[in-house]
Amino acid sequence: EEGLGDRSGGGIPGPISNPEVKPVSADGTWGEAPWESRSLPSPPLLLHGVTEAMTKTKDDPPFVKRVSWIVLGGLAIAVLLLSSAFSQVWHTNEALQAQIATSAPMLTAEVETKATLQARLAYVRSDAYVEEWAREHAGMVRPGEVLVVPLLPTPTLTPVPTPTPILSTPTPMPFWARWWSQLTGR
């Protein structure tokens, strides 16, 4: 009966009044819980062939193999597409970071220009600017003030005589001379 159960060991003890075999472990004995067993039972003889068949590796049918290869191929293609998309996004990100780095000084200059223009706008909207413009450009004065406009002396120009051209009046040609010059071309 070696095929059934685990071997618990043990043997017939020496001079004991009961010559029954005493196992080393408490396998199959009555303990706190009924029928307490700490070793695995072996399968019954009828099921012995079935368990061997279950533990054998069996080949999958060709259809299942094809489907598994298709699924694995699809997963490989998906991984390639995802890695390509990730690579494109990575390169785009690097290009944008480079553009940000080159645009930062221009942005700083534009922020300074904006601050200057806002300060100028605040001054132009003030009463001090309006008064300055009215006095300097429009020639306006407040009531009770007298506008003084300095006039610079203009130098007197001495007239330069212009020479009169001498016009020569041609002497009239006699009638026959005019005809003769017309006919001969002289």
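No value in this document is a laboratory result; all are computed from the given coordinates. Nothing here was measured: the structure is a model prediction, and the numbers come from that model. Don't worry about glycine lacking a Cβ; one is built from the backbone with ideal geometry, like all the others, and counts go over all protein chains shown.
Computed from the Kirkwood radius of its Cα pairs, the Stokes-Einstein diffusion coefficient for region 80-186 at 20 °C and 1.002 mPa s stands at 85 µm²/s.
Here the Karplus curve 6.51 cos²θ - 1.76 cosθ + 1.60, taken at θ = phi - 60°, turns the phi angles of region 160-167 into couplings of 9, x, 9, x, 8, x, 8, 9 Hz, with x standing for Gly and Pro. Using 1/(1 + (r/R0)^6) with R0 = 41 angstrom and r between the beta carbons of T156 and Y123, what's the FRET efficiency to the nearest 0.05? Between T156 and Y123 the formula returns 0.40.
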